[in-house]
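What follows is one structure encoded as structure tokens, with my remarks underneath.
The values are calculated or read from the model by the stated rules, or taken from the named source; none is laboratory data. Predicted model only: the values in this text are computed from it and were never measured. Backbone-built Cβ (ideal geometry, glycine too); neighbour counts: all protein chains shown.
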Amino acid sequence: MPTRAQRLIRSIGSDIYSEILPKSLDSDFHVFLVGKGLGPDGAEEPSSLRSRLQVELHKKTYLGGHISTYYPEPLFTGLLKSGDRYDLLDLENRLAESVHAVVMVIESWGSATELGAFAGNEKLAAKLIVVVKRQHADNDSFIWLGPIRHLKRENQDRILVVNDWTQGDWTQRDLDKLCSSIASNVQAIARRKPPIRTLSNLVRMREYVSAAVYVLEPASNETIRESLSQLAGQVDPHVAVETGLRILEAQQEVKPSGGYFFRLFALLCG
């Protein structure tokens, strides 16, 4: 029989899942932004369109809700460090199931290579919105001849061809127009392919663990797993907590200290 403390922790977990998560997640559209890779220090180049889109999409309300954006790198890092075994197909499918759409900005050969892999995954391809420079939109381009032509057969409206954003003639108007096009496509995809609502969803998993650390701080692995006990039918508590914590660590939002996890902001202010 669970102790009084265990019952309290499980009750808190149920409240987080049923009360906090719907309010924080269900009113927004959730999008992965893929583009030029981050540098060794985790910073992004100022010329990166991905970083500009992240800032701009957060500023406004589109279609009656906000667009919350996530970089997939910390999520992949969290999954790979969680101790569970994932192959590339598993990771790609988890990405597709966790968000309303995936926006891929083709701004490096690395992102062009990723586009080829993503376009070959049926679940991901159904959620892809591709931003590509106009100079690549010709019949001789490898990018255009390969994965983009394949995606155009599915829905050409989700291939957004824009002027070179690294040049001086790229304006705020161009950025606003692109954000509006992305928002319209996100809404269209969301109607047909909504993300899963269980804790197998990486965004929900991350938000649950973040809320648990906030409410239960200082929070140990065992305490957060206990809070998930009543939700074990949805996800393995061990995998969920390890993955969520690794994602938050990679995003520098929580930090382990003495066997417990603390919000990084609280540590800095303490």
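Summary table
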| item | result |
| --- | --- |
| Residue in the stretch 95-106 that is loosely packed, with under 13 Cβ neighbours inside 10 Å and either under 25 Å from Lys60 (Cβ atoms) or at pLDDT 80 or above (or both) present | no |
| Conditions (1) in contact with an Asp or Glu (Cβ under 9 Å, 6 or more places away or on another chain); (2) modelled with pLDDT under 75: number failed by Lys133 | (2) |
| Some residue of the stretch 19-29 being closer than 19 Å to Met205 by Cβ, at pLDDT 65 or above, of a type in the set (S, T, N, Q) and part of a helix (DSSP H, G or I) | no |
| Ala190 vs. criteria in contact (Cβ under 8 Å) with a residue 12 or more places away in the chain, farther than 18 Å from Ile20 by Cα, not in a loop (DSSP other than H, G, I, E, B) and not aromatic (Phe, Trp, Tyr) | yes |
| Count - residues of the stretch 42-86 that are modelled with pLDDT under 70, in a helix (DSSP H, G or I) and under 25 Å from Ala183 (Cβ atoms) | 0 |
| Residue in the stretch 215-233 that is under 26 Å from Phe76 (Cα atoms), assigned to a helix (DSSP H, G or I) and among the acidic types (Asp, Glu) present | yes |
| Answer from Val186, Val213, Val203 - the residue that is touching a Lys or Arg at 6+ places or on another chain (Cβ under 8 Å), under 26 Å from Asp90 (Cβ atoms) and crowded, with 19+ Cβ neighbours inside 10 Å | Val213 |
| Number of the exception - Phe262 against (1) under 30 Å from Gln6 (Cα atoms); (2) in a helix (DSSP H, G or I); (3) more than 16 Å from the chain's Cα centre (by Cα) | (2) |
